[in-house]
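Take a look at the structure below.
The values are calculated or read from the model by the stated rules, or taken from the named source; none is laboratory data. Note that the coordinates shown come from a computational prediction; the quantities given were computed from them, not determined experimentally. Quick reminder, even Gly has a Cβ in these numbers, built from the backbone with ideal geometry, and neighbours come from all protein chains shown. These accessible areas exclude ligands, DNA and RNA; they are computed on the full protein's heavy atoms, side chains included. Shrake-Rupley method; radii C 1.70, N 1.55, O 1.52, S 1.80 Å.
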There are 2 protein chains.
Amino acid sequence: MSSIRDVASRAGVSVATVSRALTGRGKVSAATKATVQAAARELGYVASVTASSLASGRTRNIGIVMPTVGRWYYSSVLQAVASELNGAGYDLTLYITENDEQFRHKIFADFLLRKRLDAVISVTLRPTDHELRQLKKVGRPLLAVGGIIPGVATVRVDEVSIAELATEHLLSLGHRDIAFIGSPEVVDADFQLTSSRERGYLRAMEAAGITPPAEWRISADFTTAVAYQRARNILVNPRFKPTAFFCASDEMAFGAIMAARDLGLSVPQDISVIGIDGHEIGELFGLTTIAQFPAAQGSAAALKTLALLGEIELESDPTESFLSTEFVARFSTAPPPA
Amino acid sequence: MSSIRDVASRAGVSVATVSRALTGRGKVSAATKATVQAAARELGYVASVTASSLASGRTRNIGIVMPTVGRWYYSSVLQAVASELNGAGYDLTLYITENDEQFRHKIFADFLLRKRLDAVISVTLRPTDHELRQLKKVGRPLLAVGGIIPGVATVRVDEVSIAELATEHLLSLGHRDIAFIGSPEVVDADFQLTSSRERGYLRAMEAAGITPPAEWRISADFTTAVAYQRARNILVNPRFKPTAFFCASDEMAFGAIMAARDLGLSVPQDISVIGIDGHEIGELFGLTTIAQFPAAQGSAAALKTLALLGEIELESDPTESFLSTEFVARFSTAPPPA
DNA sequence: CTGAAAGCGCTTACAG
DNA sequence: CTGAAAGCGCTTACAG
């Protein structure tokens, strides 16, 4: 592979000029610029980012940390971030914590501090105060998506409010026995979403004068399979007959619908189901849901990050207000059976 | 942030010794090593990978390129690769081509050549010969997962054979009118899987003396939604009554099953459906399928890459033979209706 | 607009 | 086992 010196000698200029001509930083005459570009092209020269980073302090690489990549929300955010960042010439380095506390810590305490990143985007993760301080010390922008990190710019939807809305929808249909699927399984360090959505559910229920018993708040890990099992357990329980499920994610709602069907129940005649997300497949299930737009969230986060790095200017700051959501009424909710 | 010099002066040794003590390369006495490590800990020192890369030529960063991250197979491979690599102290830089030919080329012709990567893993993508040559010039290992790149070590299952097996299963049940869902939609540059699976289908059909008409080979993009629509179109078509669907992926099989149900048909009484993948949700659908294990593929690819970089030794080479698959018989296939 | 030179923060032969 | 020094391949004040 040719280096900047090869390009310089072929173009008959200094390496400094090559650098300026190719990066666009600093003044170069149009003529020399053309000569240099031609020389670079002929040699198939690609600058070493590693050398460039060390010299300039900019890595043109952004880190993203998320709990998993196997669920719709996360893969959607990731895809949008990658697209936006690569489009701007940036690399994206991915860290998946996998809900493993120790591994999460290793990522925050070691990987993220290696000065390989110009910025880091944290998706629904909440670093500890110590980790936050460490990150602050490296002096690189930190940006959050979904879930709030104190003192950190965050791209998000109004979790509590949309959960409240979903619950209100069910209440307005006449439901009172509404079970919530998606309580945190363990301490909710990572998936703050969960607890906010549960909070919205509780708020709406209480506003309607209902205090849901503990059994109505069903823990699940946001996967379809676990939600299926939980829903099934409930539906066969003679002591507990909800008329509606509010699932904290569409993927869990799919599980609930499948469980009902497998037990010979009709949705929504026998039981109503509502989700949150706006997963494409929801349409096939006729799922009523509140759509959030993870791709929009990811791209907003990427753009905001690029803005923080001075690469672009933003008309408005996507971290200053909630991103929009949309109530999608389909066929999985109806008044409770008489 | 403290640098290697800070650590050196605090430990009372040279920077060379700090480097040796911390990286483990070269000889250092146990005593000095301990002193250095203590000093590093006290200062919260984390070496700059950027500087280290430039000096050593090793970046401890591996690139992975895939068409999408939004489908089960890809997210599963990705998660396993990330886990294995991060565990070994490596970073993972992700590139998503999004089925965009131009963008794909930009990644291969520019991003991958920036000397930021020690190796690259390409998942079901086939670089052009020119791109391959470029990559070869940077002298970094290239590894493929799924789909074969000439001259490149590849981790894969026997696509043709498992597709043949799925088809044979249907044939052995007595089906003859078997439609294949998952033909390539466009030229199959990226998703080579598709065509191999179709080839297996054709081979089995021909061995049974059946030449499937073109309409039996239904194109789809591997998403549930599109497969649903395609299956539905077929099932209402009075001129074309298959008794079984062989779907090239489980996610498409879910769509086919849902389409059948929505039309009031029973699976498998009215129509049989078989998939390929081993998606967790398959169990909820009672889907008969041939499981491949993307996590195993991802982790094999990561380990092989690490081996190529001299980080570890492998007992056996996972690219030398097909990885294993498993026939999973559930409830979506049965003899055709009389 | 262009060049010479210092420097980014490490690693690694080379000596000892 | 340890240190002094060169060097990795760029960028960027500083002069001109």
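Residues are listed down the side, and each one gets a yes or a no for (1) in contact with an Asp or Glu (Cβ under 9 Å, 6 or more places away or on another chain); (2) over 18 Å from A:Val46 (Cβ atoms):
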position	(1), (2)
B:Ile96	no, yes
B:Phe108	yes, no
B:Pro127	no, no
B:Val138	no, no
B:Val145	no, yes
B:Val152	no, yes
B:Glu159	no, yes
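Scan segment A:96-110 and give yes if some residue there is at the interface with another protein chain (Cβ under 10 Å from one of its Cβ atoms) and at pLDDT 95 or above, otherwise no. Break it down stepwise before answering.
Pass one, segment A:96-110, residues at the interface with another protein chain (Cβ under 10 Å from one of its Cβ atoms): A:96-98, A:100, A:103, A:106-107, A:109-110.
Narrowing further to those that are at pLDDT 95 or above: A:96.
Checked segment A:96-110: at least one residue is at the interface with another protein chain (Cβ under 10 Å from one of its Cβ atoms) and at pLDDT 95 or above.
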Check on B:Arg25, near DNA strand C (Cβ under 8 Å from one of its atoms), open to solvent by 50 Å² or more (accessible area, probe 1.4 Å) and away from chain A (no Cβ under 13 Å): yes
So if I check each of B:Ser29, B:Ser48, which one is more than 39 Å from the chain's Cα centre (by Cα) and polar (S, T, N, Q)? B:Ser29
Failed item in (1) surrounded by 22 or more Cβ atoms within 10 Å (Cβ to Cβ); (2) within 16 Å of DNA strand C (Cβ to nearest atom); (3) under 32 Å from the mean Cα position of the chain (by Cα), with A:Val7 passing the rest: (3)
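Would you call B:Phe293 aromatic (Phe, Trp, Tyr) and more than 16 Å from the chain's Cα centre (by Cα)? Steps first, please.
Values: aromatic (Phe, Trp, Tyr): yes; more than 16 Å from the chain's Cα centre (by Cα): no.
No, not satisfied.
Please go through segment A:203-224 and give me each residue that is of a type in the set (A, V, I, L, M) and at pLDDT below 95, ordered by number. If you could, list the steps in order and put the result at the bottom.
Going through segment A:203-224, the residues of a type in the set (A, V, I, L, M) turn out to be A:204-205, A:207-208, A:210, A:214, A:218, A:220.
A:Ala214, A:Ile218, A:Ala220, listed by residue number.
Matching residues to (1) open to solvent by 30 Å² or more (accessible area, probe 1.4 Å); (2) modelled with pLDDT of 95 or more; (3) farther than 30 Å from A:Val273 by Cβ; (4) within 14 Å of chain B (Cβ to nearest Cβ):
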site: A:Leu112; (1), (2), (3), (4): no, no, yes, yes
site: A:Arg126; (1), (2), (3), (4): yes, no, no, no
site: A:Glu131; (1), (2), (3), (4): no, no, yes, yes
site: A:Lys136; (1), (2), (3), (4): yes, no, yes, yes
site: A:Ala153; (1), (2), (3), (4): yes, no, yes, no
site: A:Glu164; (1), (2), (3), (4): yes, yes, no, no
site: A:Thr167; (1), (2), (3), (4): no, yes, no, no
site: A:Leu171; (1), (2), (3), (4): yes, yes, no, no
site: A:His175; (1), (2), (3), (4): no, yes, no, no
Answer with yes or no whether B:Ala11 is within 7 Å of DNA strand D (Cβ to nearest atom) and outside the structural domain of B:Asp91 (by TED's automatic domain parsing). no
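Suppose we filter segment A:24-43 for residues that are within 30 Å of A:Ile62 (Cβ to Cβ) and modelled with pLDDT of 90 or more; how many remain? Outline the logic, then answer.
Step one: filter segment A:24-43 for residues within 30 Å of A:Ile62 (Cβ to Cβ), giving A:24-28, A:33, A:36-37, A:40-41, A:43.
Subsequent filtering for residues that are modelled with pLDDT of 90 or more retains A:33, A:36-37, A:40-41, A:43.
Looking only at that region, the number is 6.
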Is there a residue being aliphatic (A, V, I, L, M), free of Cβ contacts under 8 Å to residues at least 40 places away in the same chain and within 23 Å of B:Glu98 (Cβ to Cβ) anywhere in segment B:266-278? no
So which residues in segment B:138-151 are more than 14 Å from every other protein chain (Cβ to nearest Cβ) and assigned to a loop (DSSP other than H, G, I, E, B)? B:Pro141, B:Gly146, B:Gly147, B:Ile148, B:Ile149, B:Pro150, B:Gly151
